[in-house]
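Report on the structure given below.
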Amino acid sequence: MNLILLYTSDFISPHRVRLDGRRLHHLLEVHRGQVGDSFRVGVLNGLIGQGILTHLSEHCAELEVRLDQPPPPALPLRLVLALPRPKMLKRCIETIATLGAKELWLINSYRVDKSYWSTPLLQAERMREHLLLGLEQAGDTRLPRVEIRKRFKPFVEDELPALARNTRALVAHPYNAAPCPAPMDTPTTLAIGPEGGFIAYEVEKLEQAGLQAIHLGPRILRVETAVPVLLSRLFPLPV
């Protein structure tokens, strides 16, 4: 936890918060916090600053906070991701939030197993839990937006063309594709397929929606690897 995320319900006065639950446990067990210690804090979807620990017990912690900095800049990315298997989805969600993507569309694909759509991870609260973990890791506060589309063709034909318009629109595909373009800080729509990739029909439909097929080279990557590698190649991420 590189940032303690705060919620409006935590504030007991304009500059004082009270924490319990997981965040209290982290202060006690991981940071081994003591009264007077300073921690990086941020309000969800708001400013970042410092919090001074003023009270600590096994039941709650209180911090005096000063919030005076904006969160780190977001990636100008709209990520369209074929639903990964649940264990991989968990890691992908956290990675996407950590790297600064603020818009994620989870879609269906021929190679997406039907059972994946029944995972509890798609429930709003479970999804939010992993997005928050990614934000805490990155020291960010802005919660990504997640949309779910269970039908491939209606999404690609009816919604994707408008989403991709006026963006650098790309689909990651290892065959008959152009090399990954140079990093640019420009609005981008990026589609990444499931394990095994999009089938030829799906790639054709994505191209008809305005996306250009690109590849990362001869190696075939797992989705959880392809996501951070592509983002690091497409955007001038800070070192």
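Please check: in the Gaussian network model of the chain (C-alpha springs, under 10 Å), which one of 161, 14, 174 has the largest mean-square fluctuation.
14
Is the range 46-138 rounded, prolate or oblate when judged by the Cα gyration tensor, a ≥ b ≥ c being the square roots of its eigenvalues, rounded requiring a/c under 1.5 and prolate requiring a/b larger than b/c?
oblate
For the chain, modelled as a GNM with alpha-carbon contacts under 10 angstrom, which of 153, 114, 90 fluctuates the most?
In this elastic network of the chain, the residue with the biggest mean-square fluctuation among 153, 114, 90 is 114.
Below 8 Å between Cα atoms, with a sequence gap of 6+, how large is the relative contact order for the range 1-133 in percent?
Relative contact order, the range 1-133: 19 percent.
Just the accessible area per residue of the range 100-144, please: how many Å² with a 1.4 Å probe?
46 Å²
How large, in percent, is the carbon and sulfur part of the accessible surface of the range 162-213 at a probe radius of 1.4 Å? Could the numbers behind the result be given before it?
Details: 1330 of 2500 Å².
Percent of accessible area from carbon and sulfur atoms in the range 162-213: 53.
Relative contact order of the chain: what whole-number percent is it, with Cα pairs under 8 angstrom and at least 6 residues apart? Don't skip to the end; give the middle numbers.
On the way: 456 pairs, mean separation 46.7, N = 239.
So the answer I get is 20 percent.
Pick from 176, 108, 45: which is most flexible by mean-square fluctuation in a GNM of the chain where alpha carbon atoms under 10 Å apart are linked?
With Cα springs under 10 Å in the chain, the top fluctuation among 176, 108, 45 is at 176.
Could I get the Rg over Rh figure for the range 147-239? Both from C-alpha atoms, Rh via Kirkwood, rounded to two places. Let's see the in-between values first.
Details: Rg = 12.9 Å, Rh = 13.7 Å.
Radius of gyration over Kirkwood radius for the range 147-239 works out to 0.94.
Give me the number: length gained by fully extending residue 58 to residue 44, i.e. 0.36 nm times residue separation minus the C-alpha to C-alpha distance, one decimal in nm.
Using 0.36 nm per residue and subtracting the Cα-Cα distance, I get 2.6 nm.
Could you tell me which of rounded, prolate or oblate describes the range 160-202, using a ≥ b ≥ c as the square roots of the eigenvalues of the alpha-carbon gyration tensor, with rounded for a/c under 1.5 and, failing that, prolate when a/b is larger than b/c and oblate otherwise?
Details: a/c = 2.31, a/b = 1.40, b/c = 1.65.
Judged from the Cα gyration tensor, the range 160-202 comes out oblate (a/c at least 1.5, b/c at or above a/b).
The values are calculated or read from the model by the stated rules, or taken from the named source; none is laboratory data. Not measured: the values here are computed from a predicted model. Just so you know, the surface numbers come from the protein's heavy atoms only, side chains and all, with ligands and any DNA or RNA stripped out. Shrake-Rupley method; radii C 1.70, N 1.55, O 1.52, S 1.80 Å.
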